[in-house]
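The values are calculated or read from the model by the stated rules, or taken from the named source; none is laboratory data. Keep in mind that what you see is a predicted model, and the values were worked out from it rather than measured. Ideal geometry is used to build each Cβ from the backbone, glycine not excepted, and the neighbour counts take in all protein chains shown. Keep in mind that these areas ignore ligands, DNA and RNA; they rest on the heavy atoms of the full protein, side chains included. Shrake-Rupley method; radii C 1.70, N 1.55, O 1.52, S 1.80 Å.
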Amino acid sequence: MTDALNRSAVLAVLGIAAHKSVIFTFILMVIVLYLVLKKVKFSRVACLVLVYLFFYTYFALIDQANHSIVLSGEKAFSGKIRTIPEIDGDRLSFVFQTSKEKMAFSYRIPDIISKEQLEDLKPGMVCRFQGTLQTPSEKSVPNLFDYREYLRDRKIHWILTPDSFSFRSCKNSSYTLVDRIQQYRQMLIQKTSQVFPAELNGLAAALLLGERQQIGQRILNAYQSLGLTHLLAVSGLHVGIIVALIFYLFIRAGLTRERSYEVLLFMLPVYAILTGAAPSVIRAVCMAMIVIGTLRFKLRLQPGTAISAALLGMIVYNPYFVFQPGFQLSYIVSFGLVLSAPAVMNKLNHPLFRLLAMSTVAQLLSLPVVLFHFYELSLLSLPLNLLFVPFISVVVLPLFLLVFVLSFLSVDVSMLLARLATPPVSLAHQLFEILDQHNAGQIVFGRPGMLMILLMYAATLFLFIRLEGIVTKRKISLAVGILLFVYIIQWCLPYLNPLGKVTFLDVGQGDSTLIELPFNRGTYLIDTGGTLTFNKEPWKRKKDPFEVGKDITVPFLKSKGIKKLDYLILTHGDLDHIGGADAVLSEMKIKHLLYGKGPLEGELEKSLLKKAAKKDVPVSFVQAGNGWKTQGESFAVLSPIGNEQEKNNRSIVLLAEMGGLSWLFTGDLELAGEISLLERFPNIKINVLKAGHHGSNSSTSPLFVKSLAPDIAVISVGAKNRFGHPNPQVLDTLKKNRVTVFRTDKDGTIQYRFFREHGQFSNIKR
Amino acid sequence: MDILTGDHYCLWCEGRYFNDFNWRYLLGMSTNDGICSECRESLLSISGEICRICGRMLNNLSKEFRKGELCLDCIRWEDEPGWAGVLVKNRSVYQYNDFLKGILSRIKFRGDAVMVSPFMSPLKTLFKLEFPNDVIVVPIPLSSERLYERGFNQAKVLAELLDVQLKEILIRDSHEGKQSKKNRRERLAVINQSLFKCIDNVDLEEKNVLLVDDIYTTGVTIRNAAKELLNKGANKAYSLTVARG
């Protein structure tokens, strides 16, 4: 029967996941086939299939009901602040609960006085104001974070922007218990900054209250890329320590065991809300409650029962949990550790070997999920985990807990104690930052497809099963070999791919085009996009402001498994073309940087070329007449000549023959440049034109279009940009010449995929 | 509540226990052998260096009782005229300790035949590992009186665990006493009397046979049976037992 519970949990997850990928239905069929071959009773197999179908249908019904009932034109809003209001720079955001549905509240605070006032907002307050509804932006770059889906999975369909908003828009209300706990949490988070020195504050808020906002962005990034983020999540370990501590105190205070268990059962849900109720917290608390419950009623429990029951409970409550990385990692790792424990304990005696084995198990199990969400792995992850998991859990966490509790008695004493932890923690954080800056041990695997993830887990399970049996060198090396083989295949995918791709990334207002030639025989990035950042007043500055290079271009390259760029071609010195190059230079290996010949005048281009020199990236200044060939493709630089006066006309113009089409990438080339180009190359005909200067009427002149006679034009342009790009004149010119137009503002990322001489365009939106 | 908590009752000690919760279990690959981990750990497997013929562990024998890869017992057997090479090899799963003695006597003398089931998977493993797969499996028989007393033949029940066809081609003479009540001298005194008879009309020509029994102690029983089968034309005789006394 426990077997039934554990298996039901697995099948329930499969049933829900089947809505995202058919591969999970395939896994179900494999399981059924396996059970039939093992001659498991028909009724049992049927029960399991029923569990699968039940959860499949259950999710379908819930998903169908997950739509907005609010009309987009609605203006007047009243409702309650559901989450702790978050203020980042001049941005105030929280989840707003109206009588009808939840919304993502987002407001730009106009001045610093309002900001100070708004810091007093509390969860549970009732607000009334005028505002506008916006649909969350649709996913427009493949593989990357899908904000609309993210909100939808949380049953949020609108972004609500108030016309004006101040502290006076909100009033105290009759607070529920949950509100009060959240308010207490908000108070405690503020308290951490008074109790802990600045270097520890962020870590303390994360460890004690599950609040990561206080940690510096660079340290946070370092934790993430070194595979240590799980240390910052409140999880089973925290819950275990807290429960043990409180239980001990109760017993000391003279409570009976039974009473202590009962009180703990009531306290645990409070603790979950107090620490932010992330999936990992809920899992740990549910499991702790099940274990304590069985202790209270003197039942015995198989180790898997608590996990499976907690999992089933959570996905019945909210099936969307299944799609959250935190939920996936938390369950996969905890389930895996429990399953591996018997073998590790039986076969290894030294505690160090046991720790090593358990860490490796956790790493192997989380790796496919980590690659799916973050595309790369750090080789340092295992050794660092070995070092820091005991450090954080045995030293730092109990110490922080003690400091925090003491601070309610005497701030001075607690401060003194907290100072003790400062040197090792800041030393560790410095180390993490340095390692992260140098991308030490990072291996880019790209985002594995569902089939690859399935193979990764199959190979991992095969190894674990072999390790549980009689261990011989031959058996284990075979299993390890298969596992390595699967990961090597994933790593090699770009080299094995016979398809070529030309991708016009949606980088908003700006240009960035990625060319991937078949079998990895060339990877070129033409421009990187760039984000305009105003020199904001300090109070307005966000902790981690959006920047196209760091947030779109680099993650996209990594998600494709691209480890190096053969050419980074920066057409000219405008920010919207090369602003993201800083991030690309820091994060990617670049074999060659191409820049147009001509005087260097801009600060940005100078600093970038300096950075390239510092990173030992060879820079070539190209001009008309340069070019190169690969097996099947050719690339020719048509411009600049080197004496152009105006920056845009200095753009590198690249004529490419690939995938059966001729392409002209023009950068921001304007009329004068176009005329010069036509004079020098009067007979060029092309198929695809990357329209110059985002569709501005200073480029793409009628003469140019008529002469080149393209079939397709791609305009890389931001939605609602300040310049009114693309210009109606240009669109008109293209229409008159019967050119099919793709626009990144409407189509999102545009991709041409080709095999030998044939290919097809596709766009992510529309 | 057992339904929820996943308890089982141990076939041998009747205590409550859980299945091992591990990867094999999750994938339905663990065979629930019906006994608790304490009982399983009380069984001592035979491992390390063993006697080439009788399969006893050489590590815990003192020097004077072994010679090369053989134990002194087997050397004496091989020197005995007419007995050399009768038994090619015996393999046993466990060392004979008090715990196993208790289990085996409950099986044999109290009739708890179902208690053999935990032996299935180790017996099968050893069978596949050590013996050619075309052997004819022959359980050591009981005399008819003893069979009547017990109601079943423990060697046959054990042999059935191997999931292969059995050939009950031996008959045991009824006038010898219980082996387990005799000492070594008494047992060895009768080595040259034949204890077994092979039934007629069997053709063992060029075939290998595997004798199955609960325990190998002095080897008299098994070698006697083996000799009878060799006389009937069998090529080689092997044996497989649960315990090596």
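Computing Rg and the Kirkwood Rh from the Cα coordinates of chain B gives a ratio, Rg/Rh, of 0.99. When A:Ile578, A:Ile62 are compared by accessible area at a 1.4 angstrom probe, the order from most to least is A:Ile62, A:Ile578. Pairs of Cα atoms nearer than 8 Å and 6+ residues apart set the relative contact order; for the range A:308-444 it is 22 percent. Of all beta bridges that DSSP places with both ends in the protein assembly as shown, some 60 percent have antiparallel geometry. Rounded to the nearest 10 square angstrom, A:Lys191 shows an accessible area of 30 square angstrom against a 1.4 Å probe. Compared with the alpha-carbon gap, the fully stretched path from A:Lys610 to A:Ile489 is longer by 39.9 nm at 0.36 nm per residue. Per residue, the convex hull around the alpha carbon atoms of the range A:180-447 comes to 146 Å³. Per residue, the solvent-accessible area of the range A:452-496 (1.4 Å probe, heavy atoms of protein chains only, all protein chains present) comes to 56 Å².
For A:Tyr147 and A:Lys100, the FRET efficiency from 1/(1 + (r/R0)^6), where r spans their Cβ atoms and R0 equals 22 Å, is about 0.55. Taking all C-alpha pairs of the range A:2-64, those more than 16 Å from each other amount to 41 percent. Residue separation of A:Leu427 and A:Arg154 scaled by 0.36 nm, minus their Cα-Cα distance, works out to 94.5 nm of gained length.
Partners of B:Lys128 within straight-line reach, counting aspartates and glutamates whose Cα lies under 16 Å from its Cα and excluding those fewer than 8 residues away in the same chain: B:Glu160, B:Asp163. Given a 1.4 Å probe and the protein chains as shown, A:Glu601 ends up with an accessible area of around 110 Å². Computed with a 1.4 angstrom probe on protein heavy atoms, the A-B interface buries about 2300 square angstrom of accessible area in total. One Cα centroid belongs to the range A:396-432, the other to the range B:65-142; the line between them spans 65 Å. In summary, the lysines within cross-link reach of A:Lys115, defined as a Cα separation below 20 angstrom excluding same-chain residues under 8 places away, comprise A:Lys80, A:Lys171, A:Lys191, A:Lys536, A:Lys540, A:Lys542, A:Lys543. Let me make sure I get this right: for the range A:517-574, a, b and c are the square roots of the gyration tensor eigenvalues over alpha carbons, sorted descending. Under 1.5 in a/c it's rounded, otherwise prolate if a/b > b/c, else oblate. Which is it? Cα axes put the range A:517-574 in the oblate bin. Measuring nothing but protein heavy atoms, the accessible surface of the protein assembly as shown at 1.4 Å probe radius is 59 percent carbon and sulfur. DSSP finds beta bridges in chain B, and of those with both partners inside it, around 30 percent are antiparallel.
Checking the cross-link pairs A:Lys20/A:Lys347; A:Lys347/B:Lys182; A:Lys615/A:Lys685; B:Lys108/B:Lys167 against a 31 Å limit on the alpha carbon distance flags A:Lys20/A:Lys347; A:Lys347/B:Lys182; A:Lys615/A:Lys685 as lying beyond it.
With R₀ fixed at 56 Å, the C-beta to C-beta distance from A:Leu71 to A:Ser193 puts the FRET efficiency at about 0.85. Cα centroid separation, the range A:463-526 to the range A:118-184: 39 Å.
Bridgeable aspartates and glutamates around A:Lys690 (alpha carbons under 12 Å apart, same-chain partners fewer than 8 residues away excluded): A:Asp511, A:Asp668, A:Asp711. Count Lys and Arg as plus one, Asp and Glu as minus one, and take only other residues whose Cβ is under 15 Å from that of A:Lys475; the net charge is then +4.
In the range A:702-766, a dipole from Cβ-located charges (positive for Lys and Arg, negative for Asp and Glu) runs towards its positive end, and of A:Val741, A:Leu703, A:Gly718 it is A:Gly718 whose Cα lies farthest in that direction.
Kirkwood hydrodynamic radius of the range A:250-402, from the reciprocal of the average inverse Cα-Cα distance over all distinct pairs: 17.6 Å.
If you sort A:His230, A:His592 by accessible surface, 1.4 Å probe, largest first, the order is A:His230, A:His592. Placing dummy labels 7 Å off each Cα toward the beta-carbon, the span from B:Asn231 to A:Arg756 is 8.1 nm.
Tell me, what is the FRET efficiency for A:Val471 and A:Val30 to the nearest 0.05, using R0 = 35 angstrom and their Cβ-Cβ distance as r? It comes to 0.85. Stretched out straight at 0.36 nm per residue, the stretch from A:Leu703 to A:Gln631 would grow longer than its current Cα-Cα span by 22.6 nm. Annotation: A:Thr135 carries an accessible surface of approximately 80 Å², with a 1.4 Å probe and no ligand, DNA or RNA atoms counted.
Among the listed pairs A:Lys560/A:Lys591; A:Lys41/A:Lys298; A:Lys606/A:Lys746, which are separated by more than 29 Å between their Cα atoms?
Beyond 29 Å: A:Lys41/A:Lys298; A:Lys606/A:Lys746.
Based on Cα contacts under 8 Å between residues 6+ apart, chain A shows a relative contact order of 9 percent. Spacing of the modelled spin labels on A:Trp539 and A:Arg722, each 7 Å from Cα toward Cβ, amounts to 2.3 nm. Peptide B:14-22 has a mean of 5 when you count, residue by residue, the C-beta atoms of other protein chains within 10 Å of its C-beta. The distance between label points at A:Val395 and B:Arg40 comes to 3.9 nm (points 7 Å beyond Cα on the Cα→Cβ vector). Shown here are the Rg and Dmax of the Cα trace of the protein assembly as shown, at 37.5, 121 Å. Of the residues A:Leu493, A:Leu655, B:Leu100, A:Leu402, the one with the largest accessible area comes first in the ranking A:Leu402, A:Leu493, A:Leu655, B:Leu100, computed with a 1.4 Å probe on protein heavy atoms.
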